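See below for the structure under consideration.
The values are calculated or read from the model by the stated rules, or taken from the named source; none is laboratory data. Nothing here was measured: the structure is a model prediction, and the numbers come from that model. Heads up, the Cβs are rebuilt from the backbone with ideal geometry, glycines too, and the neighbour counts pull from every protein chain shown. With ligands, DNA and RNA removed, areas are computed over all heavy atoms of the protein, side chains included. Shrake-Rupley method; radii C 1.70, N 1.55, O 1.52, S 1.80 Å.
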Amino acid sequence: MSRGSGDPGVRGAAGPIRIFDTTLRDGEQAPGAGLTVAEKLEVARQLVRLNVDVIEAGFPAASPGDFEAVQRIAKETKGVAVAGLARCRDGDPQRGVEALLPAERPHLHLFIASSDIHLKHKLKMTREEALAAAVHWVAYARKALGRDAEIEFSAEDASRTETDFLLRLYEAVVDAGATTVNIPDTVGYAIPSEFGDLTSRVVERVGSGAVVSIHCHNDLGLATANTIAAVQAGARQVEVTINGLGERAGNASLEEVVMALRTRATLFELEQSRVQTEQITAASRLVSNLTGFVVQPNKAIVGRNAFAHESGIHQDGVLKNPLTYEIMTPQSVGLSGSRLSVGKLSGRRGVQGKLKELGYDLEGDALDAVYKAAVALADEKKEVTDEDLAALADQRLVEAPAEGSAARIALGGWTVTSSDTGDATGSVTVLLGGEPHKAAGTGNGPVDALFGAIDAAVEPRFGWHPVLVDYEIRAVSAGEDAQGRVLVRARRSNDPDAEQGTATGHGLSTNIIAASLEAYVAALEKLLGEDAGIGAPAARRRSL
Ligand code: KIV
Ligand code: ZN
């Protein structure tokens, strides 16, 4: 990569901070956040609209699904670097190189643990052995991907690594061809002053030989603070995820880091990002909907309450001048706050324009489907809001059958009766490969009874039944006629891998029973896709 003026990466050079988004790799490692290849591609498209610099698309050696996701994103996304993660051990870097070859700008991310606790207990290696492996695989990657590729090296658990060894390790990998060295605070242990000092020492040691990157986890709620401290200390790449998704308590969140740099621009004149911040809300909503990880209402920047003012004094101030209580505008993160009325007479073009404002660039069949659904919804509820429209657009993405496959399971019809004693009886017709199968079920409520009926319909055919792991329901917008969005997580009863084997389904309807059934059937479709090797969550990894 050339380091000319305007390129991110060199300490003190004018130019933006490089935003390395790892939602599709570290974010997807959050238990239960698994995405199919098609869903990962959709997130990658939104990351392109956001204008991040690097998309870490996955861990190619981890599973065939992850390999395919990285390779397809490498092939299909332009104008952005695509990264894949690999351990410094035989097999991983080769898979990483293979997956990244179609990329316009390949970025291989190699890592090995460097702290004594990881070396002794996890890798059973000495420091010198780890250093030799790192140098070997960095040199391999440089040769395999060529002079212009970005080769990043991460010292896992860097913040708990003995500093002299860490510096020696970074120096050695830069000599072997690494162009970025990353300092992960893998277990979220660091505090800002300490992490800033460590970053300064790395920046000083590698000089202009490599971009210094940082990667912070949020175990102590300090990921964003540590990231900002590192930027102040000279880091020129930040590794972040949408909504702070990630292992355990998550990673530093893209929206917080980017908006901190932008809102305090006088402190960060040289360190702005190229992110189109108006795309943040759409990205947040998409990732939340696809992973099923609901954003907490008081989450900075993208929480439902981030721009809501409850107390009279605050409301009064904001009405007089928004700057009294708002340090950034809702519009700057893509919240329009407007309301759209969609009715029978609404035009397709108007709906397309509104979708565009909300971050959805739809045309052709995709636009038709959302337009028809919006007009149909306008028959059922008084007002179709921005939230409703975005939910319809997301629903089209999440429940589209995986490319090249027809639906393996669909709902033919259902009836249910329930009473105030709590008992319910239901029956369903399930279409399996187009063939109807009828079954009945009982339960402690209508949804329970109908899920039981679906289980009874599929079990004789597959030899397993779905096990409900999680069920969530929330209203998409306000009002008694609001649409309910249901998320279901389910796994197969015969799956030994209870955590990685879950599939997520979403349903959307003004009728919550219909939304629940839609979500359950969508999760089942994914579980069946796994059997067929299609559309499976890319996160189903062999153990690493
Ligand atoms: O947290 C971590 O250490 C990582 C590395 C692989 C960069 O995710
Ligand atoms: Zn991480």
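Here are some notes:
- Residue 106 meets all of the listed conditions (1) within 26 Å of residue 146 (Cα to Cα); (2) in contact with a Leu (Cβ under 9 Å, 6 or more places away or on another chain); (3) open to solvent by 30 Å² or more (accessible area, probe 1.4 Å) but one, namely (3).
- Each residue in region 21-44 was checked for being open to solvent by 10 Å² or more (accessible area, probe 1.4 Å) and at pLDDT 95 or above, and 1 pass.
- Among the candidates 175, 185, 219, 164, residue that is within 16 Å of ligand 1 (Cβ to nearest atom), at pLDDT 95 or above and open to solvent by 30 Å² or more (accessible area, probe 1.4 Å): 219
- Applying the set (1) open to solvent by 10 Å² or more (accessible area, probe 1.4 Å); (2) on the phi < 0 side of the Ramachandran plot to residue 57 leaves exactly one unmet item: (1).
- Just one of the listed residues (422, 452) is in a loop (DSSP other than H, G, I, E, B) and among the small types (Gly, Ala, Ser), namely 422.
- Looking across region 245-270 at every residue that is open to solvent by 10 Å² or more (accessible area, probe 1.4 Å) and within 25 Å of residue 44 (Cα to Cα), the one that is nearest to ligand 1 (Cβ to nearest atom) is identified as 247.
- Given (1) modelled with pLDDT under 95; (2) charged (D, E, K, R); (3) more than 24 Å from residue 24 (Cβ to Cβ), index of the condition residue 285 fails: (3)
- Within region 54-90, tally of residues that are in contact (Cβ under 8 Å) with a residue 60 or more places away in the chain, under 12 Å from residue 44 (Cα atoms) and in a helix (DSSP H, G or I): 1
- Criterion violated by residue 202 - all others in (1) open to solvent by less than 10 Å² (accessible area, probe 1.4 Å); (2) within 14 Å of ligand 1 (Cβ to nearest atom); (3) touching a strand residue (DSSP E or B) at 6+ places or on another chain (Cβ under 7 Å); (4) under 11 Å from residue 230 (Cβ atoms) satisfied: (2)
- Checked against the criterion of being over 22 Å from residue 162 (Cβ atoms) and either of a type in the set (Gly, Ala, Ser) or in contact with a helix residue (DSSP H, G or I) (Cβ under 9 Å, 6 or more places away or on another chain) (or both), the candidates 234, 244 yield just one match: 244.
- Of all residues in region 439-458, none are open to solvent by 60 Å² or more (accessible area, probe 1.4 Å), among the polar types (S, T, N, Q) and within 20 Å of residue 410 (Cβ to Cβ).
- Filter pass, residue 288 being away from ligand 2 (no atom under 16 Å from the Cβ), surrounded by fewer than 20 Cβ atoms within 10 Å (Cβ to Cβ) and either closer than 20 Å to residue 40 by Cβ or assigned by TED's automatic domain parsing to the domain that holds residue 526 (or both): yes
- Annotation: residue 274 fulfils all but one of (1) in contact with a helix residue (DSSP H, G or I) (Cβ under 7 Å, 6 or more places away or on another chain); (2) open to solvent by 60 Å² or more (accessible area, probe 1.4 Å); (3) under 19 Å from residue 44 (Cβ atoms); the unmet one is (1).
- Residue 180 being under 17 Å from residue 20 (Cβ atoms) and open to solvent by 20 Å² or more (accessible area, probe 1.4 Å): no
- Positions within region 232-244 being within 15 Å of ligand 1 (Cβ to nearest atom) and either on the phi > 0 side of the Ramachandran plot or not small (Gly, Ala, Ser) (or both), in sequence order: 237, 238, 239, 240, 241, 244
- Single residue of region 295-320 satisfying the filter (among the β-branched types (Val, Ile, Thr) and in contact (Cβ under 8 Å) with a residue 40 or more places away in the chain) that is nearest to residue 281 (Cα to Cα): 302
- Lone qualifier among 296, 331, 315, 279 - being assigned to a helix (DSSP H, G or I), open to solvent by 70 Å² or more (accessible area, probe 1.4 Å) and at pLDDT 85 or above: 331
- Those residues of region 497-518 which are open to solvent by less than 10 Å² (accessible area, probe 1.4 Å) and either modelled with pLDDT of 90 or more or not in a loop (DSSP other than H, G, I, E, B) (or both), in sequence order: 503, 504, 505, 506, 507, 515, 516, 517
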